1. I need the full set of residues from region 471-516 which are closer than 21 Å to N183 by Cα, under 25 Å from the mean Cα position of the chain (by Cα) and part of a loop (DSSP other than H, G, I, E, B), in order please.
2. Quick check on this structure: which one of G175, G137, G125, G163 is in the same structural domain as F43 (by TED's automatic domain parsing) and in contact with a Phe, Trp or Tyr (Cβ under 6 Å, 6 or more places away or on another chain)?
3. Does T100 meet the test of being touching a Cys at 6+ places or on another chain (Cβ under 8 Å) and surrounded by fewer than 18 Cβ atoms within 10 Å (Cβ to Cβ)?
4. If only one of T40, T49, T79, T31 is at pLDDT 80 or above and either of a type in the set (D, E) or over 25 Å from G196 (Cβ atoms) (or both), which one is it?
5. Please determine, by comparing only the residues of region 159-180 that are among the aliphatic types (A, V, I, L, M) and more than 14 Å from S521 (Cα to Cα), which one is nearest to the chain's Cα centre (by Cα).
6. Out of all the residues in region 210-222, which are modelled with pLDDT under 95 and not in a loop (DSSP other than H, G, I, E, B)?
Amino acid sequence: MSRESLSARIQRGPDDGGALVAVIGIMVVLTILVTTIVTTSLFNVRMTTETRAGVQARAAAEAGVDYVRAQIASGKCTTGTVTSPSGSPKFTVTIHPSSTGTATSSLPAGCPTASSKSVVLLAKGGAASSGVGSSNGNVRTVEALIESKTSSAPVFNAAIFAGTGAGLNVLNLSGTDADVVTNGSWYCSTQQTISGSIYAAKDVTFQSGPCGVTGSVFAGGKFTCTSPSSIGKNLYVQGDAVMQSVHCAAGGDVAIGGDAIPAQGIKAGGSLTVGRDLDQMWDKLEVAGAINVGGRIAGGSGDQYSWYGKFMAQYPSARQGQVVAKPPSGESATNMVFPRLTQSDEIWKGFSQKSWKTMTEPLRAQNERGMSVCAMSGGDKAIESPLEIRENTVFDVTPAAECGGRLAVGSGLTLRLGGDVVIFADQFSMTGNVRVESLDGKNHSLYIVTPHPAAQTSCAAPVGNSKISFDWGSWSQDDKTSVMLYSSGEVYINPATTMRGQIYSCKFTAVNPLSLFFVKSGASSSDPSASKPALKYVRDVAG
């Protein structure tokens, strides 16, 4: 060892390792700091995403409550457990009604009935985006208590309600959920396009066409299809289904309670279930989903013409001799009770009572002063000024001092609505040109009503000669008005007519083409949520 290196080693002091200790200390501090920052960041991410998921899940649960309340209000509750439709927030709602008092979630699930006093909705919502590092906020459950309203005002949700049936040739029924309801049978005898569903307590017949329905078809009796026809969603038939020579296509499921006779016209985008026998013509059948038959398929395996073997070669998963559930009925899917509408209903609360004669007589042309405003019979200029109504108004022409119950309008009458208007008459007819338009650019409704007699128990047992008839002339409306034709007897439309609104009658006849754009009528003074059951509370529950 050299003298210099030895001298250097001798001169080192006792603190020469302090620098290394300092470096190690700094590294430890930095490690702790980085760990703390990362841990805090992860905690913040978890808390933030958990909170976001919780908000989304609760909003979905509340959306489920609103969705089911609307279903109950419209009479379209079909099951005690409701799941969210496609494109909606994710939710599942169970319905627990009580007919004795305040409902609880411990009661059996099911749809409320007319006797239900209250309903508990247990709604479970799911987050659109799950939390990161935690699943605590992914699901929220809320409980809502709703109570039946005491209002007896009827609710009108269908585009056409024909109590005992209808006779129509050409029908173009447009709008959203423009449903047809009848306690009788429904016939498409020439051509019909319906932007909604058909609910018939008896038979549905597509005789010639095309006949098109964008929604579902519910037939309480038999379904007969002898022309090319299309059903956008499902076909539910309680009795037999007769499909002849051409396809009757359904975009969804086909469920037949009786026999399918023959099967050559069935085309289903979903499953096919048949309560009894599925007849032959296997090569004309087009079914995307499962096939289950309660009786025999194509005559069964012992059929001498070997239809069964050919069928099974085409549909090897098809099964016969199965226990098949009964198809859903129209009554389970919507309210099929014809509503009563009278002068005393709460829907007219707040309306002003005015005289038809007093308001219309001054509108007559000078040379038509002798014409009765209860039986307008002059030309288009007989009523030379419009009838302007600036508030919600009732015209009751049933008293003898008015028109004695009979009112005929025409003569170029124009009704300008600045509020909603109801005309009560025992018999109402159109015998000339009539126009309805908004006075203030806002939406308003005109109700033409032949009231439901107290003594009339059903449409099958009519009382009196109640009738609304469009005999001749033209009917026109602007796009701000809707009309409700309501008769406890018959609505009869002879001329080709285009209308915006709804038609409710025990019997309905349209001789010539009818175009009806479905617009739900509603009194301007009424609470828009009046038809919904009253919401008492919404609260979070565990789960």
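The values are calculated or read from the model by the stated rules, or taken from the named source; none is laboratory data. Everything quoted here is computed from the prediction, not taken from an experiment. For neighbour counting, all protein chains shown are included, and Cβ atoms are generated from backbone atoms with ideal geometry for every residue, glycine included.
1. Of everything in region 471-516, nothing turns out to be closer than 21 Å to N183 by Cα, under 25 Å from the mean Cα position of the chain (by Cα) and part of a loop (DSSP other than H, G, I, E, B).
2. Details: G175 fails: in the same structural domain as F43 (by TED's automatic domain parsing); G137 fails: in contact with a Phe, Trp or Tyr (Cβ under 6 Å, 6 or more places away or on another chain); G163 fails: in the same structural domain as F43 (by TED's automatic domain parsing).
Being in the same structural domain as F43 (by TED's automatic domain parsing) and in contact with a Phe, Trp or Tyr (Cβ under 6 Å, 6 or more places away or on another chain) holds for just one of G175, G137, G125, G163, which is G125.
3. Values: touching a Cys at 6+ places or on another chain (Cβ under 8 Å): no; surrounded by fewer than 18 Cβ atoms within 10 Å (Cβ to Cβ): yes.
It is false that T100 is touching a Cys at 6+ places or on another chain (Cβ under 8 Å) and surrounded by fewer than 18 Cβ atoms within 10 Å (Cβ to Cβ).
4. Details: T40 fails: at pLDDT 80 or above; T49 fails: at pLDDT 80 or above; T79 fails: either of a type in the set (D, E) or over 25 Å from G196 (Cβ atoms) (or both).
None of the other options fit; the residue is T31.
5. Residues of region 159-180 among the aliphatic types (A, V, I, L, M): 159-160, 162, 166, 168, 170-171, 173, 178, 180.
Then keep just the ones that are more than 14 Å from S521 (Cα to Cα); that gives 162, 166, 168, 170-171, 173, 180.
On the way: A162: 17, A166: 21, L168: 23, V170: 24, L171: 20, L173: 15, V180: 11 Å.
Top of the filtered list is V180.
6. Filtering region 210-222 down to residues modelled with pLDDT under 95 leaves 210-212.
C211, G212, listed by residue number.
Here is a yes/no grid of residues against (1) in a strand (DSSP E or B); (2) modelled with pLDDT of 95 or more; (3) more than 36 Å from the chain's Cα centre (by Cα); (4) of a type in the set (A, V, I, L, M):
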{"site": "L341", "(1), (2), (3), (4)": "no, no, no, yes"}
{"site": "Q353", "(1), (2), (3), (4)": "yes, yes, no, no"}
{"site": "G370", "(1), (2), (3), (4)": "no, no, yes, no"}
{"site": "G379", "(1), (2), (3), (4)": "no, no, yes, no"}
{"site": "F395", "(1), (2), (3), (4)": "yes, yes, no, no"}
{"site": "C403", "(1), (2), (3), (4)": "no, yes, yes, no"}
{"site": "V422", "(1), (2), (3), (4)": "yes, yes, no, yes"}
{"site": "E437", "(1), (2), (3), (4)": "yes, yes, no, no"}
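Okay, residues lined up against (1) under 25 Å from F351 (Cα atoms); (2) of a type in the set (G, A, S); (3) buried (at least 19 other Cβ atoms within 10 Å of the Cβ):
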| site | (1), (2), (3) |
| --- | --- |
| D440 | yes, no, no |
| N443 | yes, no, no |
| D471 | no, no, no |
| S482 | yes, yes, yes |
| P495 | no, no, no |
